[in-house]
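Chemist: Following this message is one structure expressed as structure tokens.
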Amino acid sequence: MDTLLLSFRARCLEAMLDLLWRQWCSLGVAGHSGPAAENHLIDPEALALATVSVGRHDARLFDEALDWLRKYGSLINLQRLKNLQRSTGLGDESVLCGVAAWLASHAAQPRWKALARSGSNRKLIQPLFLGIKGSPAHETDPVFLAQGLARSPVQMRGMSRAPRPIYPPNLMIALRALIGVSARVEVILCLAGGAPAHASEIARLTCYAPRTLQALLQEMTLSGHLLIQEPSGFEKVRKGANRRYHLQPTDWAFLTNGRPLPQWLPWAAIFSLGRQVLTAIPAPGEKGRHPAVISSKLRESLVTHGQALASAGLLPALDLRPEAPGDELLRTLAEHLPAAIARL
């Protein structure tokens, strides 16, 4: 089982890093990775949170993403990023604080200061980058060190490019550049590439407060582009309780020059499940953990994110039996999860 688990962890880490590289390169990060899948929308907040956790295993990826944020971090919705972190647990908080503090002090991005902890110097210092061999740096970056993270001083290559605006996966960033960073962008893209949905479902998918989103949806219907499906008059339901909202995809085809609009995926749930594999299974050289404990943690993550994964049709790809014992769960996930991530 130990060999199986170490292989599972290694393949999952490789698939996750490859996915992060593909999405960042599609947004304009300098790298040699292939592009993100055209039929899936990139979620920049989920991508940033995954990078401050899983990205710690690849120093080049981390710094190239930081370079992109230095130029285009104003297009990140910080309120939504905090909502995602709070609801999914994705992202390493100390690393996120270090990134936010660095952007606020080095990239003229004062809004990010709200995510940085002031006066948070720690006595316990840990390496920022994980599993990377080599002697420790003689100099450390003071901004990250203030968050208890040791790394060499950040040196930007400045090679990040602006995202291609009509490339379908980049639509969230492109639309924010056009109309501003607001929940309206997520509502449009969530509905334009999917089926009609209740306000509560849209709130869950986009990670906004239902009450806030309800008021926004009602306002957006005044545009004539956000449409409403009301229940039939024979259904005895509270007014508005069964109302569904939808968009005409053809109204938004200009965003991709007529190419199909990409699908909204629950990226935060996907990244969280992959990260849980890396957290639950000890890395080579670390103290071992009983397979029953590992399977329990992974089962808990599947329960937490099961609704999101199921709504996107991703659970069938894992071929899991709900009543499967722990060893079967681990073997099944080891067989299917890294490949499922690699296909995204």
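The values are calculated or read from the model by the stated rules, or taken from the named source; none is laboratory data. The structure presented is a predicted model; accordingly, all values stated were derived computationally and were not measured. Counting neighbours? That spans all protein chains shown, and the Cβs are built from the backbone with ideal geometry, glycine included.
Chemist: With respect to Ser87, determine if the residue is closer than 29 Å to Gly306 by Cα, in contact with an Asp or Glu (Cβ under 7 Å, 6 or more places away or on another chain) and of a type in the set (Ser, Thr, Tyr).
Modeler: Answer is no for this residue.
Chemist: Specify which of the listed residues (Arg56, Arg60, Arg70) is crowded, with 21+ Cβ neighbours inside 10 Å and among the charged types (D, E, K, R).
Modeler: Values: Arg60 fails: crowded, with 21+ Cβ neighbours inside 10 Å; Arg70 fails: crowded, with 21+ Cβ neighbours inside 10 Å.
Arg56 is the lone residue from the list that is crowded, with 21+ Cβ neighbours inside 10 Å and among the charged types (D, E, K, R).
Chemist: Right, another one. For Leu191, which of the numbered conditions (1) farther than 30 Å from Pro231 by Cα; (2) in contact with a strand residue (DSSP E or B) (Cβ under 7 Å, 6 or more places away or on another chain); (3) free of Cβ contacts under 8 Å to residues at least 60 places away in the same chain fails to hold?
Modeler: Going through (1) farther than 30 Å from Pro231 by Cα; (2) in contact with a strand residue (DSSP E or B) (Cβ under 7 Å, 6 or more places away or on another chain); (3) free of Cβ contacts under 8 Å to residues at least 60 places away in the same chain one by one, Leu191 breaks only (1).
Chemist: Return the residues of the range 1-16 that are surrounded by fewer than 17 Cβ atoms within 10 Å (Cβ to Cβ) and in a helix (DSSP H, G or I); say none if nothing qualifies.
Modeler: Asp2, Thr3, Leu4, Leu6, Ser7, Ala10, Glu14
Chemist: Among the residues in the range 54-67, are any touching a Phe, Trp or Tyr at 6+ places or on another chain (Cβ under 8 Å), over 14 Å from Phe129 (Cα atoms) and among the basic types (Lys, Arg)?
Modeler: The answer is no, given that none of the residues of the range 54-67 is touching a Phe, Trp or Tyr at 6+ places or on another chain (Cβ under 8 Å), over 14 Å from Phe129 (Cα atoms) and among the basic types (Lys, Arg).
Chemist: Could you please let me know if Val52 is hydrophobic (A, V, I, L, M, F, W, C) and touching a strand residue (DSSP E or B) at 6+ places or on another chain (Cβ under 7 Å)?
Modeler: Here the answer is no, as Val52 does not meet what is asked.
Chemist: Tell me whether the range 317-330 contains one or more residues that are in a helix (DSSP H, G or I), in contact with a Phe, Trp or Tyr (Cβ under 9 Å, 6 or more places away or on another chain) and in contact (Cβ under 8 Å) with a residue 40 or more places away in the chain.
Modeler: yes
Chemist: Right, next: Among the residues of the range 128-139, is any at pLDDT 90 or above and touching a strand residue (DSSP E or B) at 6+ places or on another chain (Cβ under 6 Å)?
Modeler: Yes, the range 128-139 contains at least one residue that is at pLDDT 90 or above and touching a strand residue (DSSP E or B) at 6+ places or on another chain (Cβ under 6 Å).
Chemist: Just the residues that are part of a loop (DSSP other than H, G, I, E, B) and either of a type in the set (Lys, Arg) or surrounded by fewer than 16 Cβ atoms within 10 Å (Cβ to Cβ) (or both), please, taken from the range 155-186.
Modeler: Within the range 155-186, Gln155, Met156, Arg157, Gly158, Met159, Arg161, Ala162, Arg164, Pro165, Ile166, Gly180, Ser182 meet the criteria.
Chemist: Only one of Lys297, Lys236 is of a type in the set (Lys, Arg) and at pLDDT 90 or above; which? Before you say what the answer is, go through the steps one by one.
Modeler: Working: Lys236 fails: at pLDDT 90 or above.
Matching residue, one of Lys297, Lys236: Lys297.
Chemist: May I pose another question? Please enumerate the residues belonging to the range 25-69 that are more than 13 Å from the chain's Cα centre (by Cα), of a type in the set (D, E, K, R) and assigned to a helix (DSSP H, G or I).
Modeler: Restricting attention to the range 25-69, the residues satisfying the condition of being more than 13 Å from the chain's Cα centre (by Cα) are 25-39, 56-69.
Then drop every residue that is not of a type in the set (D, E, K, R), which leaves 38, 56, 58, 60, 63-64, 67.
Answer for the range 25-69, where residues must be more than 13 Å from the chain's Cα centre (by Cα), of a type in the set (D, E, K, R) and assigned to a helix (DSSP H, G or I): Arg56, Arg60, Asp63, Glu64, Asp67.
Chemist: I would also like to ask the following. Which ones in the range 73-106 are outside any helix (DSSP H, G or I) and surrounded by fewer than 18 Cβ atoms within 10 Å (Cβ to Cβ)?
Modeler: Gly89, the sole residue that qualifies.
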